[in-house]
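Enquirer: Have a look at the structure that comes next, please.
The values are calculated or read from the model by the stated rules, or taken from the named source; none is laboratory data. Small disclaimer: the values here were computed from a predicted structure and weren't measured. Quick reminder, even Gly has a Cβ in these numbers, built from the backbone with ideal geometry, and neighbours come from all protein chains shown. These area figures cover heavy atoms from the full protein model, side chains too; ligands, DNA and RNA do not enter into them. Shrake-Rupley method; radii C 1.70, N 1.55, O 1.52, S 1.80 Å.
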Amino acid sequence: MKAGHVANVTRLCYTKSMVTINGKFPGPRVIAREGDRLLIEVVNHVPNNISIHWHGVRQLQSGWADGPAYVTQCPIQTNQSYVYNYTIVGQRGTLWWHAHISWLRSTLYGSLIILPKHNDSYPFAKPHKEIPIIFGEWFNSDTEAIISQALQTGGGPNVSDAYTINGLPGPLYNCSAKDTYRLKVKPGKTYLLRLINAVLNDELFFSIANHTLTVVEADATYLKPFETETLLIAPGQTTNVLIKTKPYYPKATFLMTARPYVTGLGTFDNSTVAGILEYEPPLNEPHQSPSIKQLPLFKPTLPPLNDTAFATNFTTKLRSLATPQFPANVPLKVDRRFFFTVSLGTIPCQGNQTCQGPYGTMFTAAVNNVSFTMPTTALLQAHYTGQSNGVYSPDFPSHPKSIFNFTGTPPNNTNVGNGTKLVVLPFNTSVELIMQDTSILGAEGHPLHLHGFNFFVVGQGFGNFDPNKDPANFNLVDPVERNTVGVPSGGWVATRFLADNPGVWFMHCHLEVHSSWGLKMAWLVLDGKLPNQKLLPPPADLPKC
């Protein structure tokens, strides 16, 4: 992969130069099989520092290949290269890769498709064809300028000008009809759509007119299949769906559309991306069969922008297969319990200027009131070399310092602290992590992504988590297993995971603006006793800071 070539790309009648991989937007597909070892060389030919994250890959004992800048590696500098070297163990399904530094993932992203081993089959009927569908965004202006301006002024960043499907905004935007993704299908077949949300800051509803979707996988974990007209997908998440085409040529075309699910008070791109599902006409049709343009076009109906009831109903349907072949290994005994508040907040404006955040402050975001400060040395390197002094401290709070009515009237003081703090876990610790949204500056949904692990989502609810009542209702039988989980707006989510992977593992909100504001932290999992439970030495070509 050449991180690279700055390519000129035109959408909505705007041409801009953007950082791409191999000149492609979106970037190239990476296809592998479960058990494969991948060696991916990334060569940096652009002025920006680059780092690539393989989103959802467990990275067992290969933490140096995980990719978040200043967490597991320093970024790759201009004219330098780095080989990401890792093996895919016990995973199959749809994942993706993206830049993990600043906001470069707005143009640097692509699908990572892991097929089952050669003799293994899917736990559902083999589809006629498999199609990756990546939701992304188009910004007329440079995203690096957008976030640096927002961080200087303390206000919210400008929003995108369009959403895209496989890089194309579609016919509902001005000057964009020619840039429409078309999915051509045959009647009477089953297709597997591999959906990926690579959007920076918005969860999306997605639907295809007059067609039912069967959800079979999320975040590369098989699910108990269920049917739906519309699905919800947060940034960082993937969802595989089967779509059965009509048994006959329908003499119509069908829009597939996506638009945001909005919970916060901030601005957002209130627009709709559309692609077209079109059937191949039968070969025996006479040549005067109507052209595509003359066919009726059906549109799906998406839920209202703030339809939290739909969102909740959808997420509660996601259940692991939990079969002998694909078990749900939920930790039943818990060694360590954590309660994290995830929230927006403020910090005072620097100097005597006025900022664009609430009441002239700067927007920030925090976990347990700690807004994470990115170090200038990679955390994993500092840990491995035993030189963590001055880089991070091992004292991230396991509970918020002050307890208040998290989802009630917010406190008067919305200021948060900051620091580079980690949670240290002995190898094989089983963790229960409750994440609680707060109403500080308004309740808002947060898709939290954990690197290096999947977590089991054992419970969720609205209001404040009640440690005396809520655990009685936890699902420890077939909870969904994912790498990115939505903390409900004005509610909580309960997760469990086993810390069986030594290294430093980032956890952050996958809404890029919240991550930029500090809604992130990291877990340090210590080595175990056996050789296969230890962090390996860094590769010789690990980038320098």
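Enquirer: Residue 452 - would you say it is assigned by the TED database to the domain that holds residue 396, at pLDDT below 95 and in a loop (DSSP other than H, G, I, E, B)?
Expert: Values: assigned by the TED database to the domain that holds residue 396: yes; at pLDDT below 95: no; in a loop (DSSP other than H, G, I, E, B): yes.
No: the conditions fail for residue 452.
Enquirer: Turning to a different aspect of this structure: I'm trying to understand the selection: among the residues of segment 392-425, which are surrounded by fewer than 17 Cβ atoms within 10 Å (Cβ to Cβ) and over 25 Å from residue 493 (Cβ atoms)?
Expert: 393, 394, 412, 413, 415
Enquirer: Please determine, by comparing only the residues of segment 527-543 that are surrounded by 13 or more Cβ atoms within 10 Å (Cβ to Cβ) and hydrophobic (A, V, I, L, M, F, W, C), which one is nearest to residue 502 (Cα to Cα).
Expert: 535
Enquirer: Quick one: in segment 306-318, which of the residues that are under 15 Å from residue 233 (Cβ atoms) and part of a loop (DSSP other than H, G, I, E, B) is least open to solvent (accessible area, probe 1.4 Å)?
Expert: Taking the candidates together, the pick is 318.
Enquirer: Under 7 Å by Cβ, and 6 or more places apart or on different chains, what pairs join a residue from segment 227-241 that is part of a strand (DSSP E or B) with one that is hydroxyl-bearing (Ser, Thr, Tyr) and open to solvent by less than 10 Å² (accessible area, probe 1.4 Å)?
Expert: Filtered contacts from segment 227-241: 230/207; 231/239; 233/239; 238/94; 240/94.
Enquirer: Next question, about the same structure. Check off (1) under 30 Å from residue 497 (Cβ atoms); (2) surrounded by fewer than 19 Cβ atoms within 10 Å (Cβ to Cβ); (3) not hydrophobic (A, V, I, L, M, F, W, C) for residue 343 and give me the number that stays unchecked.
Expert: Condition (2) is where residue 343 drops out.
Rundown of residues vs (1) in a strand (DSSP E or B); (2) without any contact (Cβ under 8 Å) to a residue 12 or more places away in the chain; (3) more than 18 Å from the chain's Cα centre (by Cα); (4) within 21 Å of residue 261 (Cα to Cα), yes/no style:
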| site | (1), (2), (3), (4) |
| --- | --- |
| 466 | no, yes, yes, no |
| 476 | no, no, yes, no |
| 504 | yes, no, yes, no |
| 514 | no, no, no, yes |
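Yes/no per residue for (1) touching a Lys or Arg at 6+ places or on another chain (Cβ under 9 Å); (2) farther than 26 Å from residue 385 by Cα; (3) open to solvent by 50 Å² or more (accessible area, probe 1.4 Å); (4) outside the structural domain of residue 388 (by the TED database):
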{"position": "37", "(1), (2), (3), (4)": "no, yes, yes, yes"}
{"position": "45", "(1), (2), (3), (4)": "yes, yes, yes, yes"}
{"position": "78", "(1), (2), (3), (4)": "no, no, yes, yes"}
{"position": "89", "(1), (2), (3), (4)": "yes, yes, yes, yes"}
{"position": "97", "(1), (2), (3), (4)": "no, yes, no, yes"}
{"position": "114", "(1), (2), (3), (4)": "yes, yes, no, yes"}
{"position": "130", "(1), (2), (3), (4)": "yes, yes, yes, yes"}
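Enquirer: Which one of these does residue 300 not meet: (1) open to solvent by 40 Å² or more (accessible area, probe 1.4 Å); (2) part of a loop (DSSP other than H, G, I, E, B)?
Expert: Evaluating residue 300 over (1) open to solvent by 40 Å² or more (accessible area, probe 1.4 Å); (2) part of a loop (DSSP other than H, G, I, E, B) leaves (1) as the failure.
Enquirer: Still on this model: Given the options 488, 479, name the one that is over 16 Å from residue 219 (Cβ atoms) and open to solvent by less than 30 Å² (accessible area, probe 1.4 Å).
Expert: Values: 479 fails: over 16 Å from residue 219 (Cβ atoms).
Sole residue among the options that is over 16 Å from residue 219 (Cβ atoms) and open to solvent by less than 30 Å² (accessible area, probe 1.4 Å): 488.
Enquirer: Now, a different point. Based on this model, can you work out whether residue 42 counts as of a type in the set (A, V, I, L, M, F, W, C) and not in a strand (DSSP E or B)? Show your work before the answer.
Expert: Working: of a type in the set (A, V, I, L, M, F, W, C): yes; not in a strand (DSSP E or B): no.
Considered against the rule, which asks whether it is of a type in the set (A, V, I, L, M, F, W, C) and not in a strand (DSSP E or B), residue 42 comes out as no.
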